[in-house]
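This report concerns only the one structure given below.
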Amino acid sequence: LARASWRSELANLAVEAKSPEALLENLFLRFLSRMPQRSEQDSFLPELKSGFEKRLTPLDQITEPVKPEPLRLVTWLNHVTPDANTIQQENENRAQRGPSPDPRLRPEWRETYEDIIWSLINHRDFVWMP
C-alpha cells in the first residue's frame, strides 16, 4: 500500500519533487487533505531532508524490474487440475511480495519515504474513499 513501486504515483512524486518541503506538503494534501502542522513538519522534514539530494539513482545504474510471467488462470473449469493449487499459491506469494520498488529511488531513502507514507495512512485524519 505504501510502496513507491515502479513508475507508481508515489514514486513519481518523490522523483519529481523540487524540495523535501514541497514533497511533504504534497503528501499531506494527498493523504490528509490539509497542510502539515508545524509539529508534523518538525517530525517528518528531517527524515525527508536526509539524503534528499542523493535520493535518485544515476540513470546508468537503473534497471527496470522484470515482470514475472503471467500464470495460467484457475477457474471453476480447471480448479481440480493437479497444478491449480501451485498456481494459486504462486499468486498468493506474488501478492504478498507486492510490486517491485522503483529503482529510480535509492533504497535507503525510499524506505524512509515509504515509512512516512505509512505514518500518514495510519494517521487519525486519514479517510480512504474509493
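The values are calculated or read from the model by the stated rules, or taken from the named source; none is laboratory data. These numbers were taken from a predicted model, which means no experiment stands behind them. Ideal geometry is used to build each Cβ from the backbone, glycine not excepted, and the neighbour counts take in all protein chains shown. Side chains are part of the model used for accessible areas, which takes the heavy atoms of the whole protein and leaves out ligands, DNA and RNA. Shrake-Rupley method; radii C 1.70, N 1.55, O 1.52, S 1.80 Å.
Checking each residue in the stretch 66-86 for being open to solvent by less than 60 Å² (accessible area, probe 1.4 Å) and either in contact with a His (Cβ under 9 Å, 6 or more places away or on another chain) or farther than 30 Å from residue 104 by Cβ (or both) picks out 74, 78, 81, 83, 84. Screening the stretch 50-98 for residues that are of a type in the set (S, T, N, Q) and within 30 Å of residue 23 (Cα to Cα) and picking the one that is nearest to the chain's Cα centre (by Cα) gives 96. Scanning the stretch 20-60 for residues that are open to solvent by 80 Å² or more (accessible area, probe 1.4 Å), basic (Lys, Arg) and under 24 Å from residue 104 (Cα atoms) turns up 30, 49, 54. What pairs come up if the first residue lies in the stretch 106-129 and is farther than 13 Å from residue 33 by Cβ, the second is open to solvent by 70 Å² or more (accessible area, probe 1.4 Å) and in a helix (DSSP H, G or I), and their beta carbons are under 6 Å apart, counting only those six or more places apart or on different chains? Sorted first by the residue in the stretch 106-129, then by its partner, the pairs are 112/47. The lone criterion from (1) open to solvent by less than 40 Å² (accessible area, probe 1.4 Å); (2) farther than 30 Å from residue 125 by Cβ left unmet by residue 63 is number (1).
Being basic (Lys, Arg), surrounded by 13 or more Cβ atoms within 10 Å (Cβ to Cβ) and closer than 30 Å to residue 61 by Cβ, is that true of even one residue in the stretch 109-116? Scanning the stretch 109-116, I find at least one residue that is basic (Lys, Arg), surrounded by 13 or more Cβ atoms within 10 Å (Cβ to Cβ) and closer than 30 Å to residue 61 by Cβ, so the answer is yes.
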